[in-house]
Every structure is written in structure tokens, then in C-alpha cells.
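*Asks:* Got a structure for you, written out below as C-alpha cells; questions coming shortly.
The values are calculated or read from the model by the stated rules, or taken from the named source; none is laboratory data. None of these values were measured; they are calculated from a predicted model. Here Cβ is always computed from backbone atoms with ideal geometry, including for glycine, and neighbour counts include all displayed protein chains. Remember, those area values only see protein heavy atoms, side chains included, never the ligands or the DNA or RNA. Shrake-Rupley method; radii C 1.70, N 1.55, O 1.52, S 1.80 Å.
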Amino acid sequence: MTTHRLDALPLRPELRGKSPYGAPQLDVPVRLNTNENPYPLPEPLVARIAERVREAARDLNRYPDRDAVELRTALAAYLSREGYEVTAAQVWAANGSNEVIQQLLQVFGGPGRLAIGFEPSYSMHGLIARGTSTEWVSGPRRADFTIDTEAAVAALATHRPDVVFITSPNNPTGTAVDRETVIALHDAAQALKPTVVVADEAYVEFSHTGSLLPLLEGRPLLVISRTMSKAFGAAGLRLGYLAADPAVVDAVQLVRLPYHLSAVTQATALAALEHTDTLLGYVEQLKAERDRIVTELTGLGFEVTPSDANFVQFGVFDGPGGAQAAWRYLLDRGVLVRDNGVPGRLRVSTGTPAENDAFLDAVRGLKKEHSA
Ligand SMILES: Cc1ncc(COP(=O)(O)O)c(C=O)c1O
């Protein structure tokens, strides 16, 4: 895409000079840059998906279930495994949690409205805000990447947001947000005006602590956003979902495109949910590998941000070239990690044990050659 062509188009002013979101998709032996699950789906699940999709294919002359009732019921059952009962009426699904977030901002954001997140965090929150003409404000974090409740509450008071994003575990830092902080921010926002608080839990299955789901009780404007892209190893499926008060589910239906979730997507997601136990087994392996990466990097003398996700942020690269030079060093050795633009830091996704070994070998070389 060339800028001069874009410039010739009558773009909305806020999109002028902007680039599309996207991590580099480079063909290297060890790709640890997009927080994917490194394990392909197991064969019995692949066979079940084929079976379910074959059944769905017979009805592809018809539009899919617009309300995705069977899928929402299965997602509610999955969420309820964590101990807090969730009903299908509280669940909504879309093409990735990015679409869930977009629908939320279409309903609760928009022109004249403002959303805030505490950065560094998932940059798509701000980009989707821009795409929906919602003003975006970057709220503060401490130097250790945790949220300072007092400073965050002050930012809420200054900006009086309509939508608040709390990402836990946070991307790219891996930092979980404790319940007390979420409650404090939720309550402070509501004290100013009715505010939708979105807890983005894309990585929560990898967390040392549990989900924020129980906080839904008595908080009708709290929304928990989840995805099958990470723990379920199904990033290619594009299935995200939310849990909230049924009124919020009714609200997003005001903006969702009719039949947004294809029959093939619904069939595939249902098949994956049938194999939840196997897939969560992989999550346990990934958590152990994540903890191994943290231990090894710490042992090598890196500053490692405690991680509750399937990735680890590490640094500090304050030598010549900073994080970009370190990123390049690893890439030259066949290991692709992510430079999220957090000064002096890189982020590595947890891969298979062999991929993690390759990363750790490369990083040992880096440590020897550069002072990190
Ligand atoms: C915090 C966070 N939320 C949401 C998403 C989007 O996930 P999905 O694949 O469900 O659109 C990501 C993806 O990286 C993420 O890091």
C-alpha cells in the first residue's frame, strides 16, 4: 500500500497518514512474535471440525443462526467451569475479540465520546476507537507496568470516559490487574457517569490468578472480553466473545451485521469447545514453559516483567540501537520476537520447548555480545 495513492482518496481526516495494524509476518524458523499458541490442533479435533463443517455445509444455502444460540450456550458452559454461573443470554460472540471490541465501541463510543486504556497496552483498543470515531486517551501505568490506582482514578476524573479498557493479563507486558484495582476503577468511573468498563481477558487462561467473571455480579456495565485465539489455539478461526449483563448483549445486536458469524465459524468453534480439556492441557504446558522462560531470562540478568500471559516482556536494552538492535540480532539467528515500541523492551511469545530453547540460545549469545 503506497501512501501517495491513499493521499489521493477522500479519507476521513483522522485516517490520513496512518498505517494499518500488523506485526511483520516474516518466514523464519522460530516465530515468537504474535502470541499464538504454537501447538497445531490435535488430529481428533481436526476430524471433528471436518465432520461438523460437513454437516453445516449441507445448509449453506441458508443464512446461519443469526443469534448463534448453540455456540453461545456452549461458551456459557465453558465460562461456567470457572465456578461463576454464566448463561447464554450473558454471552455474545463475534469474529475475534477485535470484532467484539469494535461492536462495543460502535454502541458505547462514537463521535463525541471518549475511551481510555492504560498504556502500554493492546494497541488495537486505541485503533478501534479511532475507527469508530471515538476519542482515545492513553492513561498512565507505573514504571513497573502495573496500574497505579490513584493515578488511574485521577485520569478518569480528568477525562470522564464513556468506555474504560482494562487488559488483564495485559499485552505486551503480561501484567495481571488485581480485582481490587478493577473494582476501584469501575466504581470511580460509575461515580462520574454510567461508564462501560471492558476487561479484556484474551490471555486469562494463562494467568496465575482466576478470571474477573465473578465481578459481573451487580455490575451491569462491566464487560469481560475473551477469545479462542490463544488458549484454544484457534487464532485462524476468528472467534471472540464477551460475557456481560444480558442488556449489553441486546445492545451490541443494534450494531452487529446480520449473520456476522458464518455457519462454518460456528460449527468449527463448537467442535473446538467439545475438546476443551485437551486444549487446556496444552495451556498447562505453555504456562510451565512461560515460567521457564521467565526464570532463564532472569538468571541471565534481564529485567523481566512478571507474566500471567503466554508471552514475556524483557529488557532493558539501553545499549546502542536499543531494543531494535536486539530484535535484529535475534532475527538474524532465526528467532522472530516483537518490538512493541515499549522503550528498551522486547516481547517473546511462548513456543514449543524446542522453539523456546532456540530463543534462549540466541538470547544467551545476545547477552554475551551486547550489554542488556
Ligand atoms: C489483549 C488482546 N485482546 C484482544 C486480542 C484480539 O484477539 P482476537 O484474535 O480474538 O481478535 C489480542 C490479540 O493479540 C490481544 O492481545
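*Asks:* Could you grab me the full set of residues in the stretch 87-103 that are more than 20 Å from A263 (Cα to Cα) and under 15 Å from the mean Cα position of the chain (by Cα)?
*Replies:* Correct list: I101, Q102.
*Asks:* Still on this structure, I have one more. Among the residues of the stretch 138-152, which ones are open to solvent by 20 Å² or more (accessible area, probe 1.4 Å) and assigned to a strand (DSSP E or B)?
*Replies:* S138
*Asks:* May I ask you to say which residue of N35, N98, N61 is in a loop (DSSP other than H, G, I, E, B) and within 16 Å of the ligand (Cβ to nearest atom)?
*Replies:* Residue meeting the stated conditions: N35.
*Asks:* Something else now. Kindly indicate the residue of the stretch 71-95 that is in a loop (DSSP other than H, G, I, E, B) and either surrounded by 16 or more Cβ atoms within 10 Å (Cβ to Cβ) or touching a Pro at 6+ places or on another chain (Cβ under 9 Å) (or both) and also modelled with the lowest pLDDT among those meeting that condition.
*Replies:* As a first pass, look at the stretch 71-95 and keep what is in a loop (DSSP other than H, G, I, E, B): 81-87, 95.
Applying the additional criterion that residues be either surrounded by 16 or more Cβ atoms within 10 Å (Cβ to Cβ) or touching a Pro at 6+ places or on another chain (Cβ under 9 Å) (or both) yields 82-84, 86-87, 95.
Details: E82: 88, G83: 92, Y84: 96, V86: 98, T87: 98, N95: 98.
Filtering the stretch 71-95 for residues that are in a loop (DSSP other than H, G, I, E, B) and either surrounded by 16 or more Cβ atoms within 10 Å (Cβ to Cβ) or touching a Pro at 6+ places or on another chain (Cβ under 9 Å) (or both), the one modelled with the lowest pLDDT comes out as E82.
*Asks:* Could I ask something else about it? When the residues of the stretch 101-130 are narrowed to those that are open to solvent by 30 Å² or more (accessible area, probe 1.4 Å) and more than 15 Å from the ligand (Cβ to nearest atom), which ends up farthest from T268 (Cα to Cα)?
*Replies:* G112
*Asks:* Separate question: If T278 meets every condition in (1) open to solvent by 20 Å² or more (accessible area, probe 1.4 Å); (2) under 17 Å from the mean Cα position of the chain (by Cα) apart from one, which number is that one?
*Replies:* (2)
*Asks:* Looking only at the stretch 171-190, how many residues end up being open to solvent by 10 Å² or more (accessible area, probe 1.4 Å) and among the hydrophobic types (A, V, I, L, M, F, W, C)?
*Replies:* So the answer is 5.
*Asks:* Closer than 21 Å to E82 by Cα and either open to solvent by less than 10 Å² (accessible area, probe 1.4 Å) or in a loop (DSSP other than H, G, I, E, B) (or both) - does that describe any residue in the stretch 255-263?
*Replies:* Filtering the stretch 255-263 for residues closer than 21 Å to E82 by Cα gives none.
No: zero hits.
*Asks:* Determine which member of the set Q313, Q253 is within 13 Å of the ligand (Cβ to nearest atom), modelled with pLDDT of 95 or more and either in contact with a His (Cβ under 9 Å, 6 or more places away or on another chain) or not aliphatic (A, V, I, L, M) (or both).
*Replies:* Testing whether each residue is within 13 Å of the ligand (Cβ to nearest atom), modelled with pLDDT of 95 or more and either in contact with a His (Cβ under 9 Å, 6 or more places away or on another chain) or not aliphatic (A, V, I, L, M) (or both) leaves just Q313.
*Asks:* Also, quick follow-up: Can you tell me how many residues in the stretch 209-236 are modelled with pLDDT of 95 or more, open to solvent by 10 Å² or more (accessible area, probe 1.4 Å), more than 16 Å from the ligand (Cβ to nearest atom) and touching a helix residue (DSSP H, G or I) at 6+ places or on another chain (Cβ under 9 Å)?
*Replies:* 6
*Asks:* From the list P42, P24, P29, exactly one residue is in contact (Cβ under 8 Å) with a residue 60 or more places away in the chain and in contact with a helix residue (DSSP H, G or I) (Cβ under 7 Å, 6 or more places away or on another chain). Which is it?
*Replies:* On the way: P24 fails: in contact with a helix residue (DSSP H, G or I) (Cβ under 7 Å, 6 or more places away or on another chain); P29 fails: in contact with a helix residue (DSSP H, G or I) (Cβ under 7 Å, 6 or more places away or on another chain).
Answer to the check: P42.
*Asks:* Quick check on R5: is it assigned to a helix (DSSP H, G or I), of a type in the set (D, E, K, R), over 30 Å from A354 (Cβ atoms) and within 24 Å of the chain's Cα centre (by Cα)?
*Replies:* Details: assigned to a helix (DSSP H, G or I): yes; of a type in the set (D, E, K, R): yes; over 30 Å from A354 (Cβ atoms): yes; within 24 Å of the chain's Cα centre (by Cα): no.
Taking the combined requirement at face value, the residue does not satisfy it.
*Asks:* Go through (1) without any contact (Cβ under 8 Å) to a residue 40 or more places away in the chain; (2) touching a Ser or Thr at 6+ places or on another chain (Cβ under 8 Å); (3) not polar (S, T, N, Q) for R338 and report which single condition fails.
*Replies:* R338 satisfies all of (1) without any contact (Cβ under 8 Å) to a residue 40 or more places away in the chain; (2) touching a Ser or Thr at 6+ places or on another chain (Cβ under 8 Å); (3) not polar (S, T, N, Q) except (1).
*Asks:* Kindly indicate whether any position in the stretch 162-170 is more than 16 Å from the ligand (Cβ to nearest atom) and either buried (at least 23 other Cβ atoms within 10 Å of the Cβ) or in contact (Cβ under 8 Å) with a residue 12 or more places away in the chain (or both). Before the answer, list the steps.
*Replies:* Start the filter on the stretch 162-170 by keeping residues that are more than 16 Å from the ligand (Cβ to nearest atom), which leaves 162.
If we keep only those that are either buried (at least 23 other Cβ atoms within 10 Å of the Cβ) or in contact (Cβ under 8 Å) with a residue 12 or more places away in the chain (or both) as well, we get 162.
Yes; the residues of the stretch 162-170 include at least one that is more than 16 Å from the ligand (Cβ to nearest atom) and either buried (at least 23 other Cβ atoms within 10 Å of the Cβ) or in contact (Cβ under 8 Å) with a residue 12 or more places away in the chain (or both).
*Asks:* Can you give me the number of residues within the stretch 313-372 that are of a type in the set (A, V, I, L, M), crowded, with 17+ Cβ neighbours inside 10 Å and not in a helix (DSSP H, G or I)?
*Replies:* Residues in the stretch 313-372 being of a type in the set (A, V, I, L, M), crowded, with 17+ Cβ neighbours inside 10 Å and not in a helix (DSSP H, G or I): 7 in total.
*Asks:* What number of residues within the stretch 292-312 are open to solvent by 60 Å² or more (accessible area, probe 1.4 Å) and without any contact (Cβ under 8 Å) to a residue 40 or more places away in the chain?
*Replies:* Residues meeting the conditions: 4.
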